[in-house]
Every structure is written in structure tokens, then in C-alpha cells.
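Engineer: Below is one structure. I have some questions about it.
The values are calculated or read from the model by the stated rules, or taken from the named source; none is laboratory data. Since we're looking at a predicted model, the values are computed, not measured. No Cβ is skipped: glycine too gets one built from the backbone with ideal geometry, and neighbour counts run over all protein chains shown.
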Amino acid sequence: MTIADMDVDVILKPENFSKIGLLMLNSLKNRDETRVAQSACEFWAAMICAYAENEEAKIQLLRQVIPQLLPTLMECCVMTDEDRMNMIESKEEDAYADRKPKGITKEGQ
């Protein structure tokens, strides 16, 4: 199951959201496992963008967590210059990979 597969209305039940929200806030701070922190970041983005049956209830729940969420994001989601350079190199490699001819091999292979 991915973040995109989550049932927003189940997560937004107050009894679920308080536990899941706290878990995801703490997961953002996980410096040992960047995939955990990245998934937590994706969770919050998905929660904000996802449609819920009761949008007003979603907004109210998100308003409650924003005072903790924003400082955590600002603290934990900071990129170093090295991170930025690695992203640029990775994008350049991806762009080059798209231009490589596919299906062409040396004769006799």
C-alpha cells in the first residue's frame, strides 16, 4: 500500500488522526532512515491535497497539527548544497538516459 492508496476518510476520524498524525510528525524527524522521513512528508502532502467527504473536518484537523508540522518541516526538510548538487547530477543523468538510443547493440551480440 502506498500513500496514494490511503483512505483519507478513515485517517481523518479523530481517533485515528491523532495517532497517525503524531506518528507521521515523529517520522519526519527520522534522520537514520530517510525513506521513512520522505514517506512521512508525502503523507502530509497527500493529506492536504486529498479529497475527503467532509472537507471542513479535514481542514479543522489539519489546522490543529499545523503549529507542530510547519516547524518540523522547516527543521527536517532542509537540503545541503551537496544534496542539491546530487539532485542536479541525477536529473542530468536522467535526461541523458532518455536520449540514449534503445535497442541498438553491437553486431554479433
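Engineer: Restricting to the stretch 1-60, count the residues that are over 16 Å from the mean Cα position of the chain (by Cα) and either not aliphatic (A, V, I, L, M) or not in a helix (DSSP H, G or I) (or both).
Structural biologist: Within the stretch 1-60, residues that are over 16 Å from the mean Cα position of the chain (by Cα) and either not aliphatic (A, V, I, L, M) or not in a helix (DSSP H, G or I) (or both) number 19.
Engineer: Sticking with this one: Take the residues in the stretch 53-72 that are crowded, with 16+ Cβ neighbours inside 10 Å, touching a residue at least 24 places away in the same chain (Cβ under 8 Å) and not polar (S, T, N, Q); name whichever of them is nearest to residue 10 (Cα to Cα).
Structural biologist: 58
One line per residue, one yes/no per condition, for (1) touching a helix residue (DSSP H, G or I) at 6+ places or on another chain (Cβ under 8 Å); (2) surrounded by 11 or more Cβ atoms within 10 Å (Cβ to Cβ); (3) of a type outside the set (A, V, I, L, M):
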site	(1), (2), (3)
27	yes, yes, yes
35	no, no, yes
39	yes, yes, yes
47	yes, yes, no
51	yes, no, yes
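Engineer: Now for a separate question. Of all residues being aromatic (Phe, Trp, Tyr) and modelled with pLDDT of 75 or more in the stretch 42-100, which is farthest from residue 7 (Cα to Cα)? Just the residue, please.
Structural biologist: The selected residue is 44.
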